[in-house]
1. Counting only other residues whose beta carbon sits under 14 Å from that of A:R210, what net charge do I get with K and R as +1, D and E as -1?
2. At 0.36 nm per residue, and after removing the present C-alpha to C-alpha distance, how many nm does the segment from A:L124 to A:L162 gain when stretched out fully?
3. Roughly what angle does helix A:74-106 make with the longest principal axis of chain A, taking Cα atoms, 0 to 90 degrees, to the nearest 10?
4. What shape does the stretch A:45-163 have by the C-alpha gyration tensor, where a ≥ b ≥ c are the square roots of the eigenvalues, rounded means a/c under 1.5, and otherwise prolate means a/b greater than b/c and oblate the rest?
5. Sort A:R210, A:R216, A:R7 by Cβ crowding within 10 Å, fewest neighbours at the top.
6. Mind pulling the angle between the C-alpha long axis of helix A:44-71 and the longest principal axis of chain A? Nearest 10 degrees, somewhere in 0 to 90.
7. Among A:P38, A:P99, A:P188, whose mean-square fluctuation peaks in a Gaussian network model of chain A (Cα, cutoff 10 Å)?
8. For the stretch A:23-29, in order, what is each residue's ³J(HN,Hα) by Karplus, 6.51 cos²θ - 1.76 cosθ + 1.60 with θ = phi - 60°, in whole Hz (x at glycine and Pro)?
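Just so it is clear, none of the values below were taken in a lab; they were calculated from the coordinates. Every value quoted in this text rests on a predicted model; they were computed, and no experiment measured them. A quick note on method: Cβ atoms are made from the backbone with ideal geometry, for glycine too, and the neighbour counts reach across all protein chains shown.
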Amino acid sequence: MSFLALRVNKIHFLLAAFLSGINIFLILTIAPQNQLQPDFGNIFYIHVPVAWTAFIGYMLVMIFSILFLWKQEQTWDHFALASAEAGTMFMFLVLITGPIWAKPAWGHFWVWEPRLTTSLVLFLIFLGYFMLREFGGNPEQVSRYAAVLGIIGFLDVPLIFLSVKLWLPELQSHPQVGQYFEDAGIMPVLMITYSLLSLLVVISFMIRFRVHNLKRRETHKII
Amino acid sequence: MTYLLTVIIIVYGFIIAWIVIQIRLENEMKIQKEE
C-alpha cells in the first residue's frame, strides 16, 4: 500500500494543507509586528517554529538511539535515521531563513555569534552522522557508532538554547531567551505554525522510514 | 515584505518538494519491487 493510500496519512496531509493556508494568512496579515522590524520581523513566526521542529527531530534521534543501544533492535536504528533526516531538513531551513532575516536586521547575512555558530555546528554534526552512515563500513558497527553520535549530537541543542546566556552579552546578536515572548499576542500564531511544522516533520519522518524499510528489504533480498 | 515572502516561499517550497520527492521515491521503489 502506498504512503498516500493510508487514511491516517491522507488526514495528515489535509490537516497540513489547511493549517498552511491559515498560517500564511496569519503571518502576512494579523500577526502582531515588532515595531523595530516592520514586515521582515514576521520572519520570526516561521524561523523560530522551524528551529523548534528541528530540535524535536534531533530529540527523537537521541531517544531512538538510546532505545537502539538498549534493546539492540534494528527498527530503532531506522527510526533514528529517519528522525535525523527530518531534523536536518528543518535545521537546513533554519540556517537559510536566519540569514534572510539577519540581512535587514543586522546588515549582514552571517555573524559569527554564539547562537549562529552553535546552530551551524549542530548541522555539521549531523552531516557527519550521514557520512558515517554512508561510508562507515560494517553496518552493525555503523549503527552503534551512529547511535552514539546521535546522542552526543543532541547535546548541542540545549547549548544553542542557552548560548545567549552562556557567552558574554557583547558577543550576542540574538535576543535573550523569552524576550520575544513578552507580547502575549504572538503566541497563537507561533503555536499554529509550530503545530503545522510538527505535522510536517511527522510526515517526513514516516515517509523516510518507509523508504528505509523498502531499501532494507531490497538489500536483504540481494544478499 | 520581500524578505518575508522569500522566506515563506523557500520554507514551503522546500518542504513540499522534499515530501513530493520522497513519495515518488517510495512509489518508484514499490514498482521496482513488484517487477
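1. Working: positive: A:R208, A:K215, A:R216, A:R217, B:R24, B:K30, B:K33; negative: A:E85, A:E218, B:E26, B:E28.
Combined, the nearby Lys, Arg, Asp and Glu give +3.
2. Numbers: separation 38, 0.36 × 38 = 13.68 nm, distance 1.90 nm.
That pair, A:L124 and A:L162, stretches by 11.8 nm at full extension.
3. With both axes taken from Cα atoms, the answer is about 20 degrees.
4. Working: a/c = 2.56, a/b = 2.23, b/c = 1.15.
Prolate, because a/c is 1.5 or more and a/b exceeds b/c.
5. Numbers: A:R210 22, A:R216 14, A:R7 7.
Ascending number of Cβ neighbours within 10 Å: A:R7, A:R216, A:R210.
6. So the inclination is approximately 30 degrees.
7. Taking springs between Cα atoms under 10 Å, the residue moving most is A:P38.
8. Those phi angles translate into 4, 5, 4, 5, 5, 7, 10 Hz.
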